[in-house]
1. Determine the sum of side-chain charges near M63: Lys and Arg each +1, Asp and Glu each -1, restricted to other residues whose C-beta is under 11 angstrom from that of M63.
2. H25 to D43: extension gain in nm, 0.36 nm per residue of separation minus the Cα-Cα distance?
3. Name the long-range amide H neighbours of R104: under 5 Å, sequence gap of 5 or more, or other chain; modelled H, no Pro or chain starts.
4. Can you tell me the relative contact order of segment 35-109? Whole percent, Cα pairs under 8 Å, sequence separation 6 or more.
5. Provide Rg and Dmax in Å for segment 106-165, with only Cα atoms included in the calculation.
6. Can you give the accessible area of R142 in Å² (nearest 10), computed on protein heavy atoms with a 1.4 Å probe?
7. For I46, which sequence-distant residues (separation of 5 or more, or a different chain) have an amide H within less than 5 Å of its own amide H, given hydrogens modelled in the peptide plane?
8. Pull up all non-local amide H partners of V68: gap of 5 or more, or a different chain, and H-to-H distance under 5 Å with H placed in the peptide plane.
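The values are calculated or read from the model by the stated rules, or taken from the named source; none is laboratory data. Everything numeric here is computed off the predicted structure, so don't read it as measured data. In this analysis, Cβ positions are derived from the backbone assuming ideal geometry, glycine residues included, and neighbour counts consider all displayed protein chains. Each accessible area value is taken on the protein alone, full model and side chains, heavy atoms only, with ligands, DNA and RNA left out. Shrake-Rupley method; radii C 1.70, N 1.55, O 1.52, S 1.80 Å.
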Amino acid sequence: LSKHKGVHILIQAFKGLKYKNVRLHIVGKGKDAEEFRKLAENDSRIRFYGFVPEEELKKLYEMANIVVVPSIWYENSPVVIYESFMSGTPVIGSRIGGIPELVRDGYNGHLFKAGNVDQLREVLESLILDDHALRKLELGARRSIKEYDMNRHVKHLREIYNDLR
């Protein structure tokens, strides 16, 4: 939990939601965790877990309707996105770095401008209000993980290699 991961952007966007039946679960640890807790302290809908073992993390992915990757720095290929798709959970991610290469807007998630609290809040609200759109994104997330199958990837690399001979 560090500022460059954009957790403060997510907390601010979430606190702007008026809905009482939504929850924000924040998993991880880091140097800025205490600052994020203070930012969220007046909102009982927000829960911090700290570091969790892999089995508990899988359960959280399966429980979640959406995973948010609000990075404000250039991440290459965030593992959290692959893990989310494996559970059929769509991702809302910043339009920065490698995130847009994995998250396809309207197919397996949505993208928003990195650091833009209002835009993130609008995307969250649109999915809260449209259960059909959320179900469509879940289907896209499940389909997306098949694209990242290691056997398929190796086969593709071999095809490229053979074409170069």
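1. Net local charge, M63 excluded: +1.
2. 5.3 nm
3. Here G109 satisfy the definition.
4. About 26 percent, as a whole number.
5. 17.4, 53
6. Counting only protein heavy atoms, R142 exposes about 120 Å² to solvent.
7. L24
8. I92
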